[in-house]
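The values are calculated or read from the model by the stated rules, or taken from the named source; none is laboratory data. Source: prediction; values computed, not measured. Every residue, glycine among them, receives a Cβ derived from its backbone with ideal geometry; neighbour counts consider all protein chains shown. Each accessible area value is taken on the protein alone, full model and side chains, heavy atoms only, with ligands, DNA and RNA left out. Shrake-Rupley method; radii C 1.70, N 1.55, O 1.52, S 1.80 Å.
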Amino acid sequence: MRRRFQNKTFDEINITPLMDTVFFLLIIFMITAPLLEYSINVSPPKMDAVEIKPNDFMKVIHVQKSKVIQFEKKTLSMDQLLRRLAELKDSPQGSKLKIYLRADRELRYGDVIDVLKTIKKAGHSDISLVTESEK
């Protein structure tokens, strides 16, 4: 007599290990993605500055180490700067105006950003930072 074994064939794929692996990778990526944003080593390039040639469509804002803002040869507060830049934006040549920000190298980064926010709030979007020549 011959014994018959009941061999069941499995025609289903067991996806439990696959799902475990996918969830594990998802958790790893969720943890590491925010860390990658803050761990980038930023080394700004050295600038060989080109001389700025003055024209009618440029204005330079000077910010000294003592946080004194000078614009159009006048010392202004942040509110006065905002008003003056808004006036310039509303002028006929306001859309063509280019703003240059020249800040002291020892000034805190946050102070420079505050001035940039004020320029942006006045409606200007063409803003450049002035650097010194390496030579």
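What distance in nm lies between label points placed 7 Å from Cα along the C-beta direction at Phe57 and Lys121?
Inter-label distance under the simple model: 2.8 nm.
Please turn the phi angles of segment 61-70 into ³J(HN,Hα) values with the Karplus equation 6.51 cos²θ - 1.76 cosθ + 1.60 (θ = phi - 60°), one per residue in order, whole Hz, x for glycine and proline.
Ordered by residue, 3J(HN,Hα) equals 9, 9, 10, 7, 4, 7, 6, 7, 9, 10 Hz.
Quick one: 3J(HN,Hα) in Hz for segment 92-97, Karplus 6.51/-1.76/1.60 with θ = phi - 60°, rounded, Gly and Pro as x.
Karplus-based 3J(HN,Hα) across segment 92-97 equals x, 9, x, 6, 8, 6 Hz.
For Ala103, list long-range residues whose amide hydrogen, built 1.01 Å from N in the peptide plane, is under 5 Å from its own amide hydrogen.
Val63, Val130
Could you report the accessible area of Glu132 in Å², rounded to 10, computed with a 1.4 Å probe on the protein chains as they sit in the structure?
For Glu132, the solvent-accessible surface is approximately 120 Å².
State the volume of the convex hull built on the alpha-carbon positions of segment 55-96, expressed per residue in Å³ and rounded to an integer.
71 Å³
Just the accessible area per residue of segment 84-135, please: how many Å² with a 1.4 Å probe?
Value for segment 84-135: 68 Å² per residue.
Any chance you could look up the accessible area of Ile127 with a 1.4 Å probe, heavy atoms only, rounded to 10 Å²?
Roll a 1.4 Å probe over it and Ile127 shows about 50 Å².
Does a label point 7 Å from the Cα of Lys89, set along Cα-to-beta-carbon, have any residues of segment 56-79 with amide nitrogen under 15 Å, and which are they?
79
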